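Just below is one structure, and these are the notes that go with it.
The values are calculated or read from the model by the stated rules, or taken from the named source; none is laboratory data. The structure displayed is predicted, hence computed values, not measured ones. Using ideal geometry, Cβ is built from the backbone for each residue, glycine included, and neighbour counts are taken over all protein chains shown.
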Amino acid sequence: MNALADRVADRNVASVFIYTHEAHPAENYGHVTSIEQKMQHAHDLRDKLGIARDILIDALDGACHRAYGSMPNMTWIFNRSMQPVYKSDWTDANSVSNAIDYFLDVTERRKDREKLAPFRVERLDYRNQDRDAFYKGLERNGPRAVEEFRNAF
């Protein structure tokens, strides 16, 4: 996502990461009990994963996360009027890139005075499911996160 954000930054596209909470809290990164602890978790995530985009911290009670669907790895794209134009229950850079490119093209077409009418689309996208990388992320939180996830499935 950093590379995508860099690619479109000169096209007036902003990209932010909203830190909500750890999806699988454990020994290293447990359930947060203060906004200071939540900020530290977000800083650690930024540093360990190399997140270069701005990071916003959700309220301690997760109000933003709940307002936008409560999924663990969502992406939303809003137009300049703050109307949602893309919503995905899982972040996939290819899908997000495709959507951004589409909406940038729509912007250019409108500048060329093309008459466009909006309509809704629903589609099923596919992402690479890298189990090793997923478990490595769980391990960052602690052994309990890995064990609980394995036991759940």
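Mind listing whichever residues of the range 1-13 are outside any helix (DSSP H, G or I) and either closer than 22 Å to PHE149 by Cβ or without any contact (Cβ under 8 Å) to a residue 40 or more places away in the chain (or both)? Break it down stepwise before answering.
Step one: filter the range 1-13 for residues outside any helix (DSSP H, G or I), giving 1, 12-13.
If the condition is that a residue be outside any helix (DSSP H, G or I) and either closer than 22 Å to PHE149 by Cβ or without any contact (Cβ under 8 Å) to a residue 40 or more places away in the chain (or both), then ASN12 is the only one that fits.
Are there any pairs with C-beta distances below 7 angstrom linking a residue in the range 132-153 that is touching a residue at least 60 places away in the same chain (Cβ under 8 Å) and under 23 Å from LYS38 (Cα atoms) to a residue that is assigned to a helix (DSSP H, G or I) and β-branched (Val, Ile, Thr), with the two at least 6 apart or on different chains, and if so which?
Going by the 7 Å Cβ cut-off, the qualifying pairs are LEU138/VAL146.
Among the residues in the range 43-53, are any surrounded by 15 or more Cβ atoms within 10 Å (Cβ to Cβ) and charged (D, E, K, R)?
The answer is yes; a qualifying residue exists.
Looking at the range 76-125, which of its residues are touching a strand residue (DSSP E or B) at 6+ places or on another chain (Cβ under 6 Å), in a loop (DSSP other than H, G, I, E, B) and hydroxyl-bearing (Ser, Thr, Tyr)?
THR91 - this is the single residue of the range 76-125 that is touching a strand residue (DSSP E or B) at 6+ places or on another chain (Cβ under 6 Å), in a loop (DSSP other than H, G, I, E, B) and hydroxyl-bearing (Ser, Thr, Tyr).
Here is a check on your reading of the model: is ARG110 among the charged types (D, E, K, R), farther than 19 Å from LEU4 by Cβ and free of Cβ contacts under 8 Å to residues at least 40 places away in the same chain?
yes
What residue, among those in the range 47-70 that are in contact (Cβ under 8 Å) with a residue 24 or more places away in the chain and outside any loop (DSSP other than H, G, I, E, B), is nearest to ASN2 (Cα to Cα)?
ASP54
Just to verify a result, which residue in the range 15-32, among those that are at pLDDT 95 or above and surrounded by fewer than 13 Cβ atoms within 10 Å (Cβ to Cβ), is farthest from ARG144 (Cα to Cα)?
Taking the candidates together, the pick is VAL16.
Out of GLU139, GLU108, GLU147, which single residue is over 23 Å from the mean Cα position of the chain (by Cα), surrounded by 12 or more Cβ atoms within 10 Å (Cβ to Cβ) and either of a type in the set (D, E, K, R) or at pLDDT below 95 (or both)?
Testing whether each residue is over 23 Å from the mean Cα position of the chain (by Cα), surrounded by 12 or more Cβ atoms within 10 Å (Cβ to Cβ) and either of a type in the set (D, E, K, R) or at pLDDT below 95 (or both) leaves just GLU147.
Considering only the range 126-145, how many residues are among the hydroxyl-bearing types (Ser, Thr, Tyr) and either closer than 30 Å to HIS43 by Cβ or part of a helix (DSSP H, G or I) (or both)?
Total satisfying the criteria: 1.
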